[in-house]
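Inspection log for the structure reproduced underneath, given as C-alpha cells.
The values are calculated or read from the model by the stated rules, or taken from the named source; none is laboratory data. Nothing here was measured: the structure is a model prediction, and the numbers come from that model. Methodologically, a virtual Cβ is constructed for each residue, glycine included, from the backbone with ideal geometry; neighbour enumeration extends over all protein chains shown. Keep in mind that these areas ignore ligands, DNA and RNA; they rest on the heavy atoms of the full protein, side chains included. Shrake-Rupley method; radii C 1.70, N 1.55, O 1.52, S 1.80 Å.
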Amino acid sequence: MAAAAGGGPAGPQAAGAAPAPVPGPGAVLIGDRLYSGVLITLENCLLPEHTLRFTPSMSSGLDPDTETELRVTGCELIQAAGILLRLPQVAMATGQVLFQRFFYTKSFVKHSMEHVSMACVHLASKIEEAPRRIRDVINVFHRLRHLREKKKPVPLILDQEYVNLKNQIIKAERRVLKELGFCVHVKHPHKIIVMYLQVLECERNQHLVQTSWNYMNDSLRTDVFVRFQPESIACACIYLAARTLEIPLPNRPHWFLLFGATEEEIQEICLKILQLYTRKKVDLSDLESKIEKKKLAIEEAKAQAKGLVPEGVPSLDNTSGFSPIPKNESPKEVKGNKPSPLPVQAMKNAKRKTEGAKRTSSSSPVNGVQKGRESRSRSGSRDQSYSRSPSRSASPKHRKSESYSTSSGSKSQSRSRSRSDSPPRQFNHSSAYKGSKGRGYKKSKEY
C-alpha cells in the first residue's frame with residue numbers, strides 16, 4: 001500500500017562471483033541490491049483481490065456484514081463531523097478514503113473505529129490545507145454521540161479523560177500514517193465528473209451534474225475507492241445518474257469506453273452504490289457490543305493458549321510436572337519435608353523486627369526513667385512503704401528521687417534517678433516530710 005520501490009535491482013549476480021555493485025549517480029544501495037529510485041503512484045493504493053476477500057477483521061473473528069456496517073458507520077461519522085467543522089467536501093472525502101484504506105491493514109477488533117475516524121478527520125483537514133484543532137474534532141464527535149443516543153448535548157469537560165482521549169487520537173493519527181506508508185494522496189473524481197460531462201455536452205444539465213456528484217459522495221462509504229481507478233468511478237456515477245434520470249447517452253459504441261472504463265467495472269460499482277440504499281440502519285451501540293464480545297473471546301483464547309483460564313488460575317491439565325498434595329498428608333508435614341527458603345527467611349526477618357521493636361519499647365524512657373527500672377523501684381517502694389521524694393513537686397531540674405528494692409537478694413537495689421544530677425534541695429514544709437526524708441538518707445548511708 002505504501003510507496004513501492006521502483007527500478008528494481010541493477011542486475012542479477014551470481015553468488016560470490018562478482019563484488020558488490022557500486023552505486024551510480026542517483027542510485028541507492030540497500031543491502032546487496034542497487035535501486036534506481038522510489039516510484040509513488042496511485043496504483044499502489046489499489047488493493048489486490050486476496051486482500052479484499054480476507055481482511056484483518058475477519059481474521060479476528062468478525063463477520064463480513066458487521067465489518068461492512070462498521071465501515072459505513074465510520075464514513076458517515078466522518079461526513080457528519082466534516083459538515084459541523086465546515087470542512088470542504090474534498091477534505092471529508094479524503095478522510096473517508098484514508099479510513100477505508102487503514103482498516104484493510106488493521107482490524108476493527110483491535111482498533112477503535114471512533115478514534116480512527118477522529119484521526120482521519122484531523123489528518124485529512126491538514127492534507128487538504130484546511131486544518132482543524134483536535135479539541136474541535138473531539139467536541140464535534142462528542143456532540144454527535146449525544147445526538148445519536150438521544151441525549152441532551154452537554155459541554156465536554158476538560159478533565160484527565162479528555163487529555164487521555166486527545167493522546168489516543170494523536171497516536172491513532174500516527175498509526176494511520178505508519179500503516180499507509182505516508183502515502184496519503186487521494187485522487188478524487190469530482191473534477192473528472194465535470195470534465196466527462198463537458199465532453200458529453202451535458203454540463204448544462206445541472207440536475208444530471210448534481211445527481212452524479214451525489215452518487216460519487218455516497219460511493220465514499222463503500223470500498224470502491226480502494227478497488228477501482230477514479231476514472232472508472234466517475235463513469236459509473238454518470239452512468240447511474242443518467243439511468244436514474246432517464247437521460248440517453250451514446251451507446252454505439254458505449255461512451256465510457258472512450259475514458260478507459262469497462263462495462264463490468266461500471267456494473268460492479270453501480271451495484272455497490274445501490275446496496276447502500278437497501279441496507280437497514282444499525283445502532284452503533286450494537287456494533288460496539290459485538291466488538292467487545294470478540295475482544296473477550298480473543299483474550300480468553302490467549303489465556304487458554306498460555307495455560308490459564310479466564311480467571312488467571314493455572315490449568316492442571318496443561319501444566320507439566322504439577323502434582324497436587326494428597327489429602328492424607330497434613331500441611332505441616334509437607335512444609336516440614338519441603339521448606340521453601342523464601343517464607344522461612346521472611347519469618348526470620350519479621351521475628352527479628354518484632355524483637356527489636358520490643359527492646360526499643362522496653363528501653364525507651366518514660367518521664368526520664370526506663371520502664372524496667374521504674375517498675376522495680378515502684379514495687380520496692382510499695383513493699384517498704386517508702387514515701388515518694390518531695391522533689392516531685394519541685395522543678396524538673398532539681399528533682400531527685402531514690403528508691404530501693406529489697407525483693408531480690410543482697411545488693412539488688414536499683415536506683416532511679418531524675419533527669420538532673422544536682423543534689424536535692426532542702427524543704428521545710430512539715431515534720432512528716434522531714435521524717436520520711438531522714439529515713440531515706442539513713443538507708444542511703446547504709447548502702
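For Cys183, the residues whose amide H sits under 5 Å from its own are Ala3, ignoring neighbours fewer than 5 places away on the same chain, with H placed 1.01 Å from N.
Between the amide H of Val28 and those of Tyr35, Ser36, Gly37, distances stay under 5 Å, these residues lying 5 or more places away or on another chain, with hydrogens modeled in the peptide plane.
Counting heavy atoms of the protein chains alone, Val140 has an accessible area of about 20 Å² for a 1.4 Å probe. The figure for Met113 is an accessible area of roughly 10 square angstrom, using a 1.4 Å probe on the protein chains alone. With a threshold of 21 Å on the Cα-Cα distance, the over-threshold entries among Lys106/Lys306; Lys178/Lys293; Lys110/Lys166; Lys106/Lys295; Lys110/Lys281; Lys126/Lys171 are Lys106/Lys306; Lys178/Lys293; Lys110/Lys281. Is the shape of segment 122-201 best called rounded, prolate or oblate, per the rule: a/c under 1.5 gives rounded, else a/b larger than b/c gives prolate, else oblate, with a ≥ b ≥ c the square roots of the Cα gyration tensor eigenvalues? Here segment 122-201 falls in the oblate category. Residues in segment 257-263 carry Karplus couplings, in order, of 5, 5, 9, x, 9, 10, 5 Hz; the curve used is 6.51 cos²θ - 1.76 cosθ + 1.60 with θ = phi - 60°, and Gly or Pro positions show x.
Among Ile83, Ile233, the order of accessible area from largest down is Ile83, Ile233, computed with a 1.4 Å probe on protein heavy atoms.
Can you pull the percent of segment 155-202's accessible area that's carbon plus sulfur, 1.4 Å probe, other chains left in place? Roughly 56 percent of what the probe reaches on segment 155-202 is carbon or sulfur. If you take all other residues with their beta carbon under 13 Å from the beta carbon of Gln198, and give Lys and Arg +1 and Asp and Glu -1, the sum is 0. Ligands, DNA and RNA aside, Thr73 has an accessible area near 20 Å² when probed at 1.4 Å.
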